[in-house]
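Right, one structure below, let's go through it.
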Amino acid sequence: MKYFSTRGAGPVTLDDALRLGIASDGGLFLPEQLPAFEVGDFNGAHNIPEVAHVLLNPFFAGSSLQDDLDAILSETFSFPIPATPLPVDGHDVSLLELYHGPTVAFKDVGAGFLAACLSRLEGDVENPLTILVATSGDTGAAVAAAFDERPGMRVVVLFPDGRVSERQAHQLSCWSENVLSLKVRGAFDDCQAMVKAAMADPELSSAHRFSSANSINIGRLLPQSTYYADASLRHFRRTGNRPAFIIPTGNLGNAFACIMAREMGLPIGPVILATNANRTIADYFDTLEWLPRASLQTLASAMDVGDPSNMERLRHLVGEAAVLREQLGVLSVNDGQIEAAIKQDFAEFGFATCPHTATASHTWRQLDRSLADEHDWILVATAHPAKFETIVEPLIGETVPVPPELSELLSRPAKARSIEPTLTALATVLE
Ligand SMILES: *Cc1c(COP(=O)(O)O)cnc(C)c1O
């Protein structure tokens, strides 16, 4: 399988698309053609690694990683991704729990797969690859967890001191020797600027073999499409229906993976994007004009994106707004609605949802009656609520039980170095 940039550059191999992350012309990599599947192709596949093998095998054709695919998948899917039925009268509704990985958010899947691939392609104990990651919370922890203790790989995480929650800071700082955690005396934008400046510096980047693990890497999207394949196949075998999905959306990586699975023939019905108050996608569907903008801060902070980069992939694969809005729904959910949904979820489901997941449950409750009745629904849960306990607990008036994955991390010692928001400061600690 060959890969091309959305802007035309290529072809490159899967190995190079994984190594490079972004194409030389600034575009994003996509396979030259998506493979086509029928439900029967998955007859022998009964768990996620088996489904993933069938789905991803064509993407690995010709890659040096082809023989390692099963090992990569068993490293990636070391935790379950269940769809739990919700107690909703008269409808078949379930919650796809993407939060059972090491840092209890869905980014563990993409980060784990990318780490398993990159360590095989680039791991070099003599001259380690250095993954630089600027984070406002979830991404950095998932990347650190995925590369932790991998020989020949080093991770440098930069996060804004005092601007992530206490539990997030801990999750960013509790790793082994090969993960360097830096709390930057500045904002997230400073962290991002430092990473960009370091990667653009020829001397530093040749000394440290820099790479990034950001969300536009095709290696994050491919494994995400497998849990949509698995969940839809399970549902289809059980009921004969193609389930509809509602997906909390920020940079559009998770939702793009679902659409990609549907394009490949998996039994997936309507797909609805739930965003927070960042309305760029909703406005695009309304006005047909793509107007990226600065992001607004919301309670669903991991979705605070004003310029969702994967829209470039979606327009390339499916089409412009006039076509897209025929195939996808979108609803923008504000903070007041998120708070109300967290309370209502707790009352109706008997457990709490995180602020991101609450955009999906709010969207589900807002559906037209006829649309809701016409389909079975899968709401996508992107993080465990215990990760956002300072928002969730006051709303529900109870403590959220901490899941074992999270308490294990919180019980480890944490250490982060404090640095000034400058390239010089970063260069010094890298030595
Ligand atoms: C990253 C993230 C999202 C948004 O996912 P995208 O792929 O950027 O659309 C939603 N919820 C949580 C908890 C996240 O960490």
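Structure summary
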| quantity | calculated |
| --- | --- |
| Distance (nanometres) between label positions extended 7 Å along Cα→Cβ at Ser205 and Ser418 | 3.2 |
| Portion, in percent, of the accessible area of segment 17-161 that falls on carbon or sulfur, probe 1.4 Å | 47 |
| Inter-site label distance for Arg325 and Asn47 at 7 Å from Cα along Cβ, in nm | 4.5 |
| Magnitude of the charge dipole, segment 174-305, Cβ model with Lys/Arg +1 and Asp/Glu -1, debye to 20 | 580 |
| Accessible area per residue, Å², segment 155-226 with all protein chains present, probe 1.4 Å | 38 |
| Share of carbon and sulfur in the accessible heavy-atom surface of segment 232-308 [1.4 Å probe, %] | 49 |
| Inter-site label distance for Glu398 and Glu166 at 7 Å from Cα along Cβ, in nm | 2.2 |
| Rounded D (µm²/s) - segment 281-420, Kirkwood Rh over Cα pairs, Stokes-Einstein at 4 °C, 1.567 mPa s | 74 |
| Fully extended contour minus Cα-Cα distance, from Ile22 to Asp92, at 0.36 nm per residue | 21.2 nm |
| Measure of compaction for the chain (Cα Rg per 2.2 N^0.38 Å) | 0.94 |
| Dipole moment magnitude, nearest 20 debye, segment 354-431 about Cα centre, only Lys, Arg, Asp, Glu C-beta charged | 300 |
| Segment 362-431 versus segment 148-181: alpha-carbon centroid distance in Å | 16 |
| Segment 191-221 and segment 47-105: distance between their alpha carbon centers, rounded to Å | 27 |
| Rounded to 5, percent antiparallel among DSSP beta bridges of the chain | 20 |
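The values are calculated or read from the model by the stated rules, or taken from the named source; none is laboratory data. Since the structure is predicted, the reported quantities are computational estimates derived from the model, not experimental observations. Heads up, the Cβs are rebuilt from the backbone with ideal geometry, glycines too, and the neighbour counts pull from every protein chain shown. Side chains are part of the model used for accessible areas, which takes the heavy atoms of the whole protein and leaves out ligands, DNA and RNA. Shrake-Rupley method; radii C 1.70, N 1.55, O 1.52, S 1.80 Å.
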